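Peer 1: One structure is given below, represented as structure tokens, and several questions about it will come after.
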Amino acid sequence: MCGRFSFSPLTKIIEDRFDVKVDPSQYKQRYNCAPSQNLAVISNNRSEELSFYRWGLIPLWAKDKSIGNKMINAKAETITEKASFKNSFKRKRCLVLSDGFFEWKKINPKEKIPYRIKMRDDSLFAMAGIWDTWKNEESDYINSFAIITTVPNDLMENIHLRMPVILERKDEQNWLHDNNPDILKTLLKPYAAELMTAYPISTLVNSPTNDSPEILNPVEYLF
DNA sequence: CCAGACGTTGTT
DNA sequence: GTCTGG
DNA sequence: CCAGACGTTGTT
DNA sequence: GTCTGG
């Protein structure tokens, strides 16, 4: 699964790496991105700029936006079959930008330890996302997204049963602009484990109200 | 046809 | 909106 | 994902 | 226990 991540590069780094324009009044470095927050994405319908969408997909037909609290992930294996996701998969895809994500490893029925997972070379990456637009009773529009998950690779297997789909850099533009569903599905696979690394961090990350760089620091746990 | 659900993860 | 279940 | 709330009536 | 909010 993927229920929390970070994205904290400086504006110029983002513009160079992803070839987008970043509005500095909207962007802010984030160390603990949580569901329901507006987070940095690149959408297929505005791929020249960095957009901010709400995490937790609210489908077009939703009566209440709270449904989005449950729709934070979409399983790659079934995304083309689910009524809530298939339409977005066809026409509304996005890149969810990140420099690392968090998973809680269950060490016994009562205890869990948070881990940070990132690229070995600290590079930025894009997770595969789908989005939708929803209108509330006051006719305010909300753009929201879900992160696609897949089976774990050899690194993630030790931590969790699922992991987010991380796109190879060469596939990022294809995910946004290729509309062939068969090709799109081939992009939804586990990322190469040898390019990634993971380490335990403190439970500071547990509360979404903590959003400071210290969250990323390694911590030793004694058993 | 209409009514009702529409999700993932983890645990039992 | 679109699919499943009755 | 985790944390924190979870309710109504009537009165101020 | 289960839902909502972040």
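Peer 1: If residue A:42 satisfies every condition in (1) in contact (Cβ under 8 Å) with a residue 40 or more places away in the chain; (2) within 16 Å of DNA strand C (Cβ to nearest atom); (3) surrounded by 19 or more Cβ atoms within 10 Å (Cβ to Cβ) but one, which is the exception?
Peer 2: All conditions pass for residue A:42, except number (2).
Peer 1: Another question, if that's okay. Name every residue in region A:210-222 that is out of contact with any strand residue (DSSP E or B) (no Cβ under 7 Å at 6 or more places or on another chain) and either within 16 Å of DNA strand C (Cβ to nearest atom) or part of a loop (DSSP other than H, G, I, E, B) (or both), in order of residue number.
Peer 2: Within region A:210-222, A:220, A:222 meet the criteria.
Peer 1: Whether any residue in region A:149-163 is away from DNA strand C (no atom under 16 Å from the Cβ), over 18 Å from residue A:96 (Cβ atoms), assigned to a strand (DSSP E or B) and in contact with a helix residue (DSSP H, G or I) (Cβ under 7 Å, 6 or more places away or on another chain) is what I want to check.
Peer 2: No, region A:149-163 has no match at all.
Peer 1: Next up: Would you pick out the residues in region A:41-68 that are more than 16 Å from DNA strand E (Cβ to nearest atom) and either assigned to a strand (DSSP E or B) or of a type in the set (Ser, Thr, Tyr) (or both)?
Peer 2: Passing the criteria: A:41, A:42, A:43, A:47, A:49, A:51.
Peer 1: Then there is this: Which of the residues belonging to region A:172-223 are of a type in the set (Lys, Arg) and surrounded by 15 or more Cβ atoms within 10 Å (Cβ to Cβ)?
Peer 2: Once the filter is applied, which keeps residues that are of a type in the set (Lys, Arg) and surrounded by 15 or more Cβ atoms within 10 Å (Cβ to Cβ), region A:172-223 yields only A:189.
Peer 1: Quick one: residue A:71 ticks every box in (1) away from DNA strand E (no atom under 16 Å from the Cβ); (2) assigned to a loop (DSSP other than H, G, I, E, B); (3) closer than 25 Å to residue A:171 by Cα except a single one, so which number is it?
Peer 2: The failed condition is (1).
Peer 1: May I pose another question? From A:72, A:113, A:107, A:130, which residue is within 30 Å of residue A:25 (Cβ to Cβ), within 13 Å of DNA strand D (Cβ to nearest atom) and not small (Gly, Ala, Ser)? It would help to see each step written out before you state the result.
Peer 2: Numbers: A:113 fails: within 30 Å of residue A:25 (Cβ to Cβ); A:107 fails: within 30 Å of residue A:25 (Cβ to Cβ); A:130 fails: within 13 Å of DNA strand D (Cβ to nearest atom).
Going through A:72, A:113, A:107, A:130 in turn, the sole match is A:72.
Yes/no per residue for (1) outside any loop (DSSP other than H, G, I, E, B); (2) within 15 Å of residue A:90 (Cα to Cα); (3) touching a Phe, Trp or Tyr at 6+ places or on another chain (Cβ under 6 Å):
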| site | (1), (2), (3) |
| --- | --- |
| A:127 | yes, no, no |
| A:143 | yes, no, yes |
| A:185 | yes, yes, no |
| A:208 | no, no, no |
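Peer 1: Considering (1) exposed (fewer than 15 other Cβ atoms within 10 Å of the Cβ); (2) hydrophobic (A, V, I, L, M, F, W, C); (3) under 22 Å from residue A:204 (Cβ atoms), say which one residue A:60 fails and leave the rest.
Peer 2: All conditions pass for residue A:60, except number (3).
Peer 1: Which members of region A:116-164 meet the condition of being more than 15 Å from the chain's Cα centre (by Cα), buried (at least 16 other Cβ atoms within 10 Å of the Cβ) and β-branched (Val, Ile, Thr)?
Peer 2: Matches in region A:116-164: A:142, A:159.
Peer 1: Does region A:89-108 contain any residue that is at pLDDT below 95, in a loop (DSSP other than H, G, I, E, B) and either touching a Cys at 6+ places or on another chain (Cβ under 7 Å) or within 11 Å of DNA strand B (Cβ to nearest atom) (or both)?
Peer 2: Within region A:89-108, one or more residues are at pLDDT below 95, in a loop (DSSP other than H, G, I, E, B) and either touching a Cys at 6+ places or on another chain (Cβ under 7 Å) or within 11 Å of DNA strand B (Cβ to nearest atom) (or both).
The values are calculated or read from the model by the stated rules, or taken from the named source; none is laboratory data. All of these numbers come straight from a predicted model, not from anything done at the bench. FYI the Cβ positions are ideal-geometry reconstructions off the backbone, even for glycines, and counts take in every protein chain you see.
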